[in-house]
1. Using the structure shown, decide if SER163 is at pLDDT 95 or above and closer than 30 Å to ASP45 by Cα.
2. Is it the case that segment 49-62 has a residue that's on the phi < 0 side of the Ramachandran plot, of a type outside the set (Phe, Trp, Tyr), surrounded by 16 or more Cβ atoms within 10 Å (Cβ to Cβ) and free of Cβ contacts under 8 Å to residues at least 40 places away in the same chain?
3. List pairs: first in segment 122-148 and in contact (Cβ under 8 Å) with a residue 24 or more places away in the chain, second of a type in the set (A, V, I, L, M, F, W, C) and open to solvent by 70 Å² or more (accessible area, probe 1.4 Å), Cβ under 7 Å, 6+ apart or cross-chain?
4. Give the residues of segment 14-32 that are over 17 Å from LEU71 (Cβ atoms), modelled with pLDDT of 90 or more and either open to solvent by less than 100 Å² (accessible area, probe 1.4 Å) or in contact with a Lys or Arg (Cβ under 8 Å, 6 or more places away or on another chain) (or both), sorted by residue number.
5. If the requirement is being modelled with pLDDT of 95 or more and of a type in the set (Gly, Ala, Ser), which of these qualifies: SER123, SER88?
6. Within segment 68-91, take every residue that is aromatic (Phe, Trp, Tyr) and over 12 Å from the mean Cα position of the chain (by Cα) and give me the one that is most open to solvent (accessible area, probe 1.4 Å).
7. Look through ASN42, ASN46, ASN35 and report the one residue that is surrounded by fewer than 16 Cβ atoms within 10 Å (Cβ to Cβ) and farther than 26 Å from SER163 by Cα.
8. Which one is nearest to ILE67 (Cα to Cα) among residues in segment 135-148 that are hydrophobic (A, V, I, L, M, F, W, C) and assigned to a strand (DSSP E or B)?
Amino acid sequence: AWSITVEYDNGTPSDPPVIPGIEYTGSTFQLIGSNVSTDTINVPDNGTITDINVTISGSTDGGLNYISFKLISPYGTIVDLVDWSEWSGSTFSLTTFDDEASNQITGTTAPYYGSFQPEGNLSDLDQEEMQGEWTLWAYNSNNFYTNVSAWSITVEYDNGTPSDPPVIPGIEYT
């Protein structure tokens, strides 16, 4: 048996903590075996990114050691979140990729609840314009059923001038 004792007064309680930034949510989607699957979020708001985090939940009938995730910005910048070789198990629940996290995903176990450092650097997206189409890229290297039940990006931003999008050299056809 156990008990808890709470001491209190009649004062006003403090406000709960607030997660900074604006959250934009994606849709549920399935990862097709031995293929790349994607889902997008269209961010309608303007702002210059100062920090961005990605949260993903889902499960697989096989192993997470066959699943990789990347985030692609409207500028085309690609950030590796987790590579198939970095994790194992069958579920990921509110798994947040955050450059400021103290834990790496390697060495931990499913369901990977909490914040983890991504494989790449989400700070590569700092100073980009947040408006536009964001893509969660997923690769399932086996034929197991895998489902992303939820995903989102949380963006902190300011009203500064964003960096220019990259210019891709090539041939212009008219």
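1. no
2. Looking through segment 49-62, none of the residues is on the phi < 0 side of the Ramachandran plot, of a type outside the set (Phe, Trp, Tyr), surrounded by 16 or more Cβ atoms within 10 Å (Cβ to Cβ) and free of Cβ contacts under 8 Å to residues at least 40 places away in the same chain.
3. Taking only residues 6 or more apart or on different chains, the pairs are ASN140/ILE32; SER141/TRP84.
4. First, pick out the residues of segment 14-32 that are over 17 Å from LEU71 (Cβ atoms): 14-20, 28, 30, 32.
Those still in the list that are modelled with pLDDT of 90 or more too: 28, 30.
Matches in segment 14-32: THR28 only.
5. Details: SER88 fails: modelled with pLDDT of 95 or more.
Result: SER123 is the single residue among SER123, SER88 that is modelled with pLDDT of 95 or more and of a type in the set (Gly, Ala, Ser).
6. Going residue by residue through segment 68-91, those that are aromatic (Phe, Trp, Tyr) are 69, 75, 84, 87.
Narrowing the set further to residues that are over 12 Å from the mean Cα position of the chain (by Cα) leaves 75, 84, 87.
Working: TYR75: 40, TRP84: 119, TRP87: 11 Å².
Going through the qualifying residues, I end up with TRP84.
7. Numbers: ASN42 fails: farther than 26 Å from SER163 by Cα; ASN46 fails: farther than 26 Å from SER163 by Cα.
Just one listed residue meets the conditions, ASN35.
8. Going through segment 135-148, the residues hydrophobic (A, V, I, L, M, F, W, C) turn out to be 136-138, 144, 148.
Pick out the ones that are also assigned to a strand (DSSP E or B) and you get 136-138, 148.
Values: LEU136: 13, TRP137: 10, ALA138: 7, VAL148: 11 Å.
Result: ALA138.
The values are calculated or read from the model by the stated rules, or taken from the named source; none is laboratory data. In this text, all values refer to a predicted model and were calculated from it rather than measured experimentally. No Cβ is skipped: glycine too gets one built from the backbone with ideal geometry, and neighbour counts run over all protein chains shown. Only protein heavy atoms, including side chains, enter the accessible area calculation; ligands, DNA and RNA are left aside. Shrake-Rupley method; radii C 1.70, N 1.55, O 1.52, S 1.80 Å.
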